[in-house]
Each structure stands twice: as structure tokens, then as C-alpha cells.
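Visitor: This is the structure I have questions about; it appears just below.
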Amino acid sequence: MTRSDEIISVRNVYKVFGSDSDVAMKMVQEGASKAEVFEKTGQVIGVFNANFCVQRGEIFVIMGLSGSGKSTMVRLFNRLIEPTAGSIFLNGKEITGLGDKDLLQVRRKDMSMVFQSFALMPHMNVLDNVAFGLAIGGVTLDERNGRAIDALRQVGLGGQEYCFPHQLSGGMQQRVGLARALANDPAILLMDEAFSALDPMIRSEMQGELIKLQAEQNRTIIFISHDIDEAVRIGHRIAIMEGGRVVQIGTPRELLCNPINEYVRAFFNGFDTSRILKAGDIAQLDKSIMYEPGRQTPLKADAPLKEIFQIVACASAPVPVVDAVGTYKGSISQGHLLSCLGRG
Ligand SMILES: Nc1ncnc2c1ncn2[C@@H]1O[C@H](COP(=O)(O)OP(=O)(O)OP(=O)(O)O)[C@@H](O)[C@H]1O
Ligand SMILES: [Mg+2]
């Protein structure tokens, strides 16, 4: 991808909570951990030296344990939190230097946030809740109602405009929260654990809805989650945060196959690896196995593990795997396949 595909670019960004950030930053630069800095100085490292880009149109998931800095990172994007150091660019323009008026414009036009606690106004009906932000932005009544109705339709709540929040289920309330963000027609949706409060069925439904919306509208979505199943399902790429640092960014498959450390690997404990691994990912090159084209039907390297299970299970010998141009990549034995599936 070219640089012009970058919608957000984060350069050397730090956030230290506390009044003496210089001391804290110096300590971390000298190798101190977040815990050590806190113990010695009382300063909290929120984000430490973040450097990455979010591509236009992707669903970028941020994962990490509680306190690792996910919410801080996302709030730096729309400057609900000011960075201690570093720069953040939106479409190549530095937002860390914007004045109040331009910043307001960014929050109105470029980024909308969806919260975990739906944050609806209890005394306002659904329509007014969705149109509320637009009203503040000075949009006329007719236009804001039109946009709110359209946003409600997008999230499957057409016809519910005059209900009040207390009449809706949690899932429906979160749809209203999503509609409120969509009514702004923002280029970027920031979603901080937006689905965490929903029960599993509704949550899964909302994930599907989000994937559909993203595919239709090609919005950029930055989605915080602490659930690897959710992250893998919706994320094109996942950034893993640990103690304020972004320790690894990659596709679900890249993280699963090449975790940079034990912390990243641990997120995949108990995960059904067959959801993302392909035959080529687990093929083993064994010099004692001779691959003779024509004698055995090979598997395609890009075949999902789920699809090859039956074939490998019924084969009397390890099954060869070839890439798109027919080059032998290795073989998969029954035992090896089982151990790869079991690793999850
Ligand atoms: N306003 C604040 N003042 C002081 N410390 C803060 C503030 N906001 C966040 N922190 C600290 O910064 C660190 C990162 O917090 P953050 O809320 O970004 O974590 P998180 O990854 O979103 O966690 P969670 O999964 O629990 O939501 C934590 O140690 C937190 O205590
Ligand atoms: Mg958080």
C-alpha cells in the first residue's frame, strides 16, 4: 500500500498521566517498566512510543490486557486526551497541532466514537438521541432527522424512531449508539469495547452487522476489544498493546503464526486455530518424504485447515501441499494436523 492509503499515522506518541512526565519518560527510555515508573514516581505510562499507521477502509482492532493503554490510544486519536509527546496525522495533516475550531470539525466530520456504555439520553427518544450530535453541530431539523432516520435504517432499527431507550434491549441500545455515530457520516469510527456489554448472541449479531456495514461503506473502523474471537472475526489487522507499548501489529494469521512474545501468544490460548490457519501454514518439509506429482493429489497451500481435515484423516501417508504454481511446500501428517489443531 502507498502512503496515501494511510488515514491515521501515529509517530513517536507518548502519554504519561501525572505532573512530572519528563522524569517518567526518561526512566522508560532507560528501560524501566511501567510498574517501576509508577512505583518510583507515581506517574502512569498510558502510551509509550507508539508508531504505526491505520489504513483507509480497514477494521483495525486494538487488543491488550486491562490497563495496557487501548482507550488512551484511541482517545489520543480524537484528542479527548492530549499526547505528552509525538504527533498524530489524519490524512497527512497533523491533528496534534489543531486549534479548537479545526478540532471540533475533526470530531464532527472525521471521527465518531461508540462507547461500551451506550451513553444514550434516557429522556430522549431514539430519533432525538441519534440526531443530538447533529443538532449541536448546527444541522437543520429536517436534515438531522433525515440523517438520523437513515442511520437507524442502516443498523436495522428503521421504525423504532419514537421508542425510548428503556424500551429497548441492550443490543438495540447499542445499535442506537452506532447509528448516532453513523449519522455524522464519519470517515473513521472509533469503537471502545462497543460490544463488550452485550450478551454473546447479540454480540455476534452486532459483529456481523459491523462487518457488513464496513464492506458496504468502506469506512475505517478502529475497534478496541479484549476478546480474540471478536478481534479475529472482525479485524483485518490487530495491534497488541502491553503496558502502554504496541508490541505487535499484524493480520490474525501473522500474529498466530509468528507471535513476537509470550504475551501475544497467550491471547491465542484456547483459540480455534483452524479458523485462520491454512494448509501452507502447517506443511512440514521432511527430506524423507518424496513428493511425486501425479501419484498423490496434493492440497493447495491456501486451503483452510477445516477443509483439509477429512482428506488428511483418510490418507494412508502424509499429504503433500503445493502452492499456486504447483511448487511442493511440504506435507501434513495426521499427527501433525492434530497437534496444530490441539495447540489452540
Ligand atoms: N485520566 C487518567 N489519569 C491517570 N491514569 C490514567 C488515566 N486514564 C488512564 N490511566 C492509566 O493509563 C493506563 C492505560 O489505561 P487505559 O484506560 O488506556 O487502559 P485500557 O487498555 O483501555 O484498559 P481496559 O481494558 O481496562 O479498558 C492505565 O494504567 C490507567 O490506569
Ligand atoms: Mg479501555
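Visitor: Which of the residues spanning the stretch 120-148 are at pLDDT below 85, among the hydrophobic types (A, V, I, L, M, F, W, C) and surrounded by 14 or more Cβ atoms within 10 Å (Cβ to Cβ)?
Guide: Correct list: ALA135 only.
Visitor: Check the stretch 41-54 and report whether any residue there is out of contact with any Pro (no Cβ under 7 Å at 6 or more places or on another chain), open to solvent by 30 Å² or more (accessible area, probe 1.4 Å), touching a residue at least 60 places away in the same chain (Cβ under 8 Å) and within 12 Å of ligand 1 (Cβ to nearest atom).
Guide: Our first condition is that a residue be out of contact with any Pro (no Cβ under 7 Å at 6 or more places or on another chain); within the stretch 41-54, this holds for 41-54.
Within this subset, residues satisfying the condition of being open to solvent by 30 Å² or more (accessible area, probe 1.4 Å) are 41-42, 44, 49, 51.
Keeping just the survivors that are touching a residue at least 60 places away in the same chain (Cβ under 8 Å) gives 49, 51.
Subset that is within 12 Å of ligand 1 (Cβ to nearest atom): none.
No, because not a single residue in the stretch 41-54 is out of contact with any Pro (no Cβ under 7 Å at 6 or more places or on another chain), open to solvent by 30 Å² or more (accessible area, probe 1.4 Å), touching a residue at least 60 places away in the same chain (Cβ under 8 Å) and within 12 Å of ligand 1 (Cβ to nearest atom).
Visitor: Tell me the residue from ILE228, ILE276, ILE224 that is among the aliphatic types (A, V, I, L, M), buried (at least 17 other Cβ atoms within 10 Å of the Cβ) and within 22 Å of PRO186 (Cβ to Cβ), please.
Guide: Working: ILE228 fails: within 22 Å of PRO186 (Cβ to Cβ); ILE276 fails: within 22 Å of PRO186 (Cβ to Cβ).
Being among the aliphatic types (A, V, I, L, M), buried (at least 17 other Cβ atoms within 10 Å of the Cβ) and within 22 Å of PRO186 (Cβ to Cβ) holds for just one of ILE228, ILE276, ILE224, which is ILE224.
Visitor: Here's something else I'd like to know. Give the residue, chosen from GLN154, GLN116, GLN160, GLN105, that is within 25 Å of HIS236 (Cβ to Cβ), open to solvent by 20 Å² or more (accessible area, probe 1.4 Å) and more than 16 Å from ligand 2 (Cβ to nearest atom). Can you show your working first?
Guide: Numbers: GLN116 fails: more than 16 Å from ligand 2 (Cβ to nearest atom); GLN160 fails: within 25 Å of HIS236 (Cβ to Cβ); GLN105 fails: within 25 Å of HIS236 (Cβ to Cβ).
Matching residue, one of GLN154, GLN116, GLN160, GLN105: GLN154.
Visitor: What residue, of LYS26, LYS15, LYS34, is away from ligand 1 (no atom under 15 Å from the Cβ), of a type in the set (Lys, Arg) and either open to solvent by 40 Å² or more (accessible area, probe 1.4 Å) or modelled with pLDDT of 90 or more (or both)? Give the derivation first.
Guide: On the way: LYS15 fails: away from ligand 1 (no atom under 15 Å from the Cβ); LYS34 fails: away from ligand 1 (no atom under 15 Å from the Cβ).
One residue alone meets the criteria, LYS26.
Visitor: Of all helices (runs of 4 or more DSSP H) completely enclosed by the stretch 1-93, which ones contain at least 1 residues that are within 16 Å of ligand 2 (Cβ to nearest atom) and among the basic types (Lys, Arg)?
Guide: On the way: elements: 21-29, 34-41, 70-77.
Passing ranges, in order: 34-41, 70-77.
Visitor: Confirm whether GLN167 is over 29 Å from LEU90 (Cα atoms) and exposed (fewer than 15 other Cβ atoms within 10 Å of the Cβ). Walk me through how you get there before you give the answer.
Guide: Working: over 29 Å from LEU90 (Cα atoms): yes; exposed (fewer than 15 other Cβ atoms within 10 Å of the Cβ): yes.
The answer is yes for GLN167.
Visitor: Ok, one more. Can you tell me which condition MET63 does not meet? The list is (1) open to solvent by 10 Å² or more (accessible area, probe 1.4 Å); (2) within 15 Å of ligand 1 (Cβ to nearest atom), and all the others hold.
Guide: Only one criterion is unmet by MET63, namely (1).
The values are calculated or read from the model by the stated rules, or taken from the named source; none is laboratory data. The model shown is predicted, which means the values in this text are computed figures rather than measured ones. Positions of Cβ are generated from backbone atoms using ideal geometry, with glycine treated the same way; all protein chains shown enter the neighbour counts. With ligands, DNA and RNA removed, areas are computed over all heavy atoms of the protein, side chains included. Shrake-Rupley method; radii C 1.70, N 1.55, O 1.52, S 1.80 Å.
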